[in-house]
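Peer 1: The structure's right below; bear with me while I get my questions together.
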Amino acid sequence: METQSSLEFQDLRTFESFKGFWHYYGYGVDQQDLIDREFKRIKGVTYLDHAGTTLFPESQIKGFYDDISRNVYGNPHSHNPSSRLTHDTVESVRYRILGHFNTCPEEYSVIFTSGCTAALKLVADTFPWKAASNEGPGSQFCYLTDNHTSVVGIRGVTALQGVGTVSVLPHEVERRVRKPPTQTNGEESSAPHLFCYPAQSNFSGRKYPLSYVKGIQSQQLYPACEHRGRWFVLLDAAGFVSCSPLDLSQYPADFVPISFYKMFGFPTGLGALLVRNEAAEVLRKTYFGGGTAAAYLVAENYFVPKPNVVSRFEDGTVSFLDIISLHHGFETLQKLTGSMLNIQLHTFGLARYTYIVLSCLRHSNGKPVAQIHCDNDFQNIAEQGAILNFNLLDCHGRTVGYSQVDKMASLFNIHIRTGCFCNTGACQHYLAISNQNVKSNLHAGHICGDNIDLIEGRPTGSIRVSFGYMSSFEDCQNFLRFVVNCFVDKPLILDQKRLTKLKSAEPMESAASYDLASIPNGQLGHQNGQTISPSPERIAPSEDTVSKEEKNNGSSHTLTNLFIYPVKSCASVEVTEWPLGPQGLLYDRLWMVVNENGVCLSQKREPKLCLIRPIICLASNTLQLQVSDNVKINFNNILVRPNDHSCAIHIHYIALLLHSMSIISFVSIRPYNEKQFTLVMSSCPAENFGPTALSLVNEAQFLLINRASVSFLQEHIANRYSHQLIQRFRANLVISGQEAFAEDDWTHLTVGDTPFQVIGRCGRCQMIGVDQKSAARTQEPLRSLSECRSGKVCKNRTPYLCFLPLISWCTKESHVLYLVKDCLV
């Protein structure tokens, strides 16, 4: 490779004449100030999944709250004052939506739905499909292969009606003809046809020409040029309108489905079908719900729909409060950004910068760090949206599984999206997955949305980052730093030749230039700019590691440690002997912490949970939670099902509330970040537990780890950060005296007189990247775990070390497990 350079990111500041939109960054105010004011909740979070949903600003919710606090909104189907207020406000919002897309009620109607998918289904169910017959050809349902599942799913409706189906490759559309197909026998075909395509691919961010709308309607583009009849166009704009302006006066698509949470972040569960009034006349609706009838009879098949398009298609009462909230969404968006054009320029600039840097990253041997899935170089804002799709590659050119990247990103609070994004067609195209591959992958156990990211070394999906109007340059920096730190073989090389070419390219027709800002703080290299290399925190040999001399090749081993975890994701309790119960070790993972919505919290979301230390005393039947040396909370008699009692205790950093419940005991904990949490005990009565019943564990009653395997891993990451490695794996049983990874082949284990059955391997997640003493997140040992065990991974390709979920063979009889010398395999 010519002109390679191992420059620091911070040296990118010196690049001048970098063509682009950088002077459009932000909206006339400091972007960080906007984030601090409107998006306080994302402090410490790098959110890069705006194509999934964008985030709502605080002022939008406050404005909506103030509105519904001041006004009484009634059911719009009534005629009282509160109902009239609702009706008028909802109609005002319809006008606002049409104005946003530069059209008017004379041209379009806004039909509210539960989302974009519901809007698509509405078209599928009401379009006047015509089956082929002796009288003439039937309808054709045509769609780009680069379409969302919800569009392709229309095929399920048309297939039952004898309608033809044509999947169109993107490059085939512009196969133009000089004039529309001629009619035969002097008669015009009456068959209606539907062509569906996305304004922007939700997979790659590719923008398809909006001129396709008129080109298909006039039968100048394929496939319309090959089929006589009347052609309608459905433009899937759900992803496009979140960051780009859409002018329906210039591109009058017949049907335009959208989801508002992609535009505003709130409300969810509300979308709309913007239908061209001329096209609405051909739709045929069969079901009729409340509010849609002009008149009907119960005793005979008589029904007359209301003449208004909206009234005919909105069955029942619309979600009027959610619709009213849209007013505040539009108001806030305008106030914060000025226009959709500003959002488009801002987000495209961020995406373009990220693309340029990521595409120029090279491993120490010159091999690329990423394979980017796109059809352009992010030079034309009309061709590319604010989405970047890629797979990471190791220094040997092998694909790094997207599940591994996702878990590592979660460890550093970087929110991305992985998989195929409900777009099988684009996934097949960019990842070279054949139809047969899809079928064989399913046979191998892979389904859409799971974590099986590699099959025989080939990726089943990819990684997507996407930007929104509140995204910042720091988000780009954090993401790129994450890639370099965790997935680049050092020293990092920048492809100088490519960088020079891309930085001098002039997007669109703009001559404006911007300086490519840098990743700050100089964290990734030396001052001379000659090497990019992270400054690793060296591993200090810990008491958890075991030397090679401690290994033995016999079948008898030593149980060195016993741990229980009374509260799921909180600190462990180490014991030398402990009773066995029908759920496993007595009181192990019997409690969990949930948030205000009842969702279980773990160290994945709240790493500081590991700093809460439970202390159990069997003699006094008490549980104590210790947050610090000076802050302790005692609970009496809650190791059994609680009787009627209640108390309230308030302590600095912790507010305790114990309710009287028959099965579940609750403890409200307000830790360091002032969020409200609740401690919940398993509600399954002990008498209902069978011999294999679980408490709140994820996979099995017992988890085991081998010190020899930990020692092997410790040696592998000797030049990287690690601390208290055994504690990170949160095992119940720790053994020594066996060679590394011998446990891979175990099927049974006996500890003292207690037999166990090995039921499988435990897939490791990003929780092992949380230091159990400090709650700090680190990339190790998850990174090295996948490297040193790349040949031995679980079926779902999740890295594992030596964790084995175990099921005890004991039943309800009383047992006590001791630290013993002999563990027989």
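Peer 1: Whole number please: convex hull volume per residue of the Cα set in the stretch 341-430, in Å³? Kindly include the intermediate steps, with their values, before the conclusion.
Peer 2: On the way: hull volume 11.2 nm³, N = 90.
It comes to 124 Å³ per residue, whole-number rounded.
Peer 1: Related question: What percent does the relative contact order of the stretch 223-335 come to when contacts are Cα pairs within less than 8 Å and at least six residues apart? Don't jump to the answer; show the numbers that get you there.
Peer 2: Details: 125 pairs, mean separation 21.5, N = 113.
Taking the mean separation of contacting Cα pairs over the length of the stretch 223-335, I get 19 percent.
Peer 1: Next up: What does the charge count around Tyr208 come to, taking other residues whose C-beta lies under 11 Å from its C-beta (Lys +1, Arg +1, Asp -1, Glu -1)? Provide the component values of the computation, followed by the final result.
Peer 2: Details: positive: Arg206, Lys207; negative: Asp146, Glu174, Asp236, Asp375, Glu383.
For residues surrounding Tyr208, the net value is -3.
Peer 1: Something else: With the full set of protein chains in place, find how many percent of the accessible area of the stretch 25-109 is carbon and sulfur; take the probe as 1.4 Å. Could the numbers behind the result be given before it?
Peer 2: On the way: 2400 of 4440 Å².
Carbon with sulfur: 54 percent of the solvent-accessible area.
Peer 1: Which percent of Cα pairs goes in each bin when the distances of the stretch 91-181 are cut into 5 angstrom slices starting at zero?
Peer 2: 2, 11, 15, 15, 16, 18, 13, 6, 2, 0
Peer 1: If you place +1 on the Cβ of every Lys and Arg and -1 on the Cβ of every Asp and Glu, how big does the dipole about the Cα centre of the stretch 312-400 come out, in debye to the nearest 20? If you can, show how the numbers build up before the last one.
Peer 2: Details: 6 positive and 8 negative charges, 95 e Å.
The dipole of the stretch 312-400 has a size of about 460 debye.
Peer 1: Could you pull the Cα extents of the stretch 273-416 along its three principal axes, largest to smallest, in whole Å?
Peer 2: 80, 36, 32
Peer 1: Next question. How high is the relative contact order of the stretch 48-130? Use alpha-carbon pairs under 8 Å, at least six apart in sequence, and give a whole percent. Could you put the intermediate results ahead of the total?
Peer 2: Details: 30 pairs, mean separation 9.5, N = 83.
This gives 11 percent for the stretch 48-130.
Peer 1: Continuing with this model, one more query. Determine the relative contact order of the stretch 111-158: mean sequence separation of Cα pairs under 8 Å and six or more apart, normalised by residue count, in whole percent.
Peer 2: Relative contact order for the stretch 111-158 comes out at 40 percent.
Peer 1: Now a separate question. What ranking of His100, His346 comes out by heavy-atom accessible area, probe 1.4 Å, highest first?
Peer 2: Details: His100 55, His346 0 Å².
Per-residue accessible area, sorted high to low, gives His100, His346.
Peer 1: Check Asn147: other-chain or 5+ apart residues with amide H under 5 Å from its amide H, H built from backbone geometry?
Peer 2: Amide H neighbours of Asn147: Gly425, Ala426.
Peer 1: Taking the Cα atoms of the stretch 33-97, report the difference between the largest and smallest coordinate on each principal axis, in whole Å and largest first.
Peer 2: If we take the Cα atoms of the stretch 33-97, the spans are 49, 25, 16 Å.
Peer 1: Turning to a different aspect of this structure: Using the Karplus curve 6.51 cos²θ - 1.76 cosθ + 1.60 with θ = phi - 60°, what ³J(HN,Hα) values do you get for each residue of the stretch 140-146, in whole Hz, with x for Gly and Pro?
Peer 2: Per residue, the Karplus-derived 3J(HN,Hα) values read 10, 9, 10, 8, 5, 5, 8 Hz.
Peer 1: Nothing charged except the Cβ atoms of Lys and Arg (+1) and of Asp and Glu (-1): what's the magnitude of the dipole of the stretch 64-169 about its Cα centre? Round to the nearest 20 debye.
Peer 2: So the magnitude is around 180 debye.
Peer 1: Another question about this same structure. Pop out the ³J(HN,Hα) list for the stretch 378-387 in order, Karplus 6.51 cos²θ - 1.76 cosθ + 1.60 with θ = phi - 60°, rounded to Hz; leave Gly and Pro as x.
Peer 2: Values per residue, Gly and Pro as x: 6, 9, 10, 5, 7, 10, 9, x, 8, 10 Hz.
Peer 1: Leaving out ligands, DNA and RNA, and with a 1.4 Å probe, what % of the accessible surface on the stretch 344-468 is carbon or sulfur? List each step's numbers first, then the result.
Peer 2: Values: 2160 of 4340 Å².
Whole-percent figure for carbon plus sulfur exposure: 50.
Peer 1: On to the next question. From the residues Tyr287, Leu297, Thr347, which one has its Cα farthest along the dipole of the stretch 279-354 in the positive direction, the dipole being from +1 and -1 charges on Cβ of Lys/Arg and Asp/Glu about the Cα centre?
Peer 2: Of the candidates, Thr347 comes out farthest on the positive side.
Peer 1: Could you give me the ³J(HN,Hα) list for the stretch 706-712, computed from phi with Karplus coefficients 6.51, -1.76, 1.60 and θ = phi - 60°, whole Hz, x at Gly and Pro?
Peer 2: Rounded to whole hertz, the list is 9, 4, 5, 5, 5, 4, 4.
Peer 1: Express in whole angstrom the spacing between the alpha-carbon centres of the stretch 377-454 and the stretch 605-622.
Peer 2: 40
Peer 1: Moving on. I'm checking a number: the convex hull volume of the Cα atoms of the stretch 244-356, normalised per residue, in Å³. What is it?
Peer 2: It comes to 145 Å³ per residue, whole-number rounded.
Peer 1: Can you list the residues, at least 5 places off or on another chain, whose amide H is less than 5 Å from the amide H of Asn732, using H built in the peptide plane?
Peer 2: Leu703, Leu704
Peer 1: Counting only protein chains, not ligands or nucleic acids, how are Lys439, Lys214, Lys335, Lys568 ordered by accessible area (probe 1.4 Å), most first?
Peer 2: Working: Lys439 135, Lys214 110, Lys335 165, Lys568 30 Å².
Largest to smallest exposure gives the sequence Lys335, Lys439, Lys214, Lys568.
Peer 1: Now for a different question. Taking only protein heavy atoms into account and a 1.4 Å probe, give the accessible area per residue of the stretch 69-112 in Å².
Peer 2: On the way: 2330 Å² over 44 residues.
It amounts to 53 Å² per residue over the stretch 69-112.
Peer 1: Tell me which residues come under 5 Å, amide H to amide H, from Ala505 once H is placed; ignore anything under 5 positions away on its chain.
Peer 2: Lys19
Peer 1: Also: Return the subset of Lys367/Lys497; Lys568/Lys608; Lys40/Lys568; Lys43/Lys407 for which the Cα-Cα distance in this structure is over 18 Å, preserving the input order. Let's see the in-between values first.
Peer 2: Working: Lys367/Lys497 14 Å; Lys568/Lys608 13 Å; Lys40/Lys568 28 Å; Lys43/Lys407 20 Å.
Long pairs (Cα-Cα over 18 Å): Lys40/Lys568; Lys43/Lys407.
The values are calculated or read from the model by the stated rules, or taken from the named source; none is laboratory data. What you are looking at is a predicted structure, and each value in this text was computed from that prediction instead of being measured. Glycine gets a Cβ as well: all are built from the backbone with ideal geometry, and neighbour counts include every protein chain shown. Accessible surface areas use protein heavy atoms only, side chains included; no ligands, DNA or RNA. Shrake-Rupley method; radii C 1.70, N 1.55, O 1.52, S 1.80 Å.
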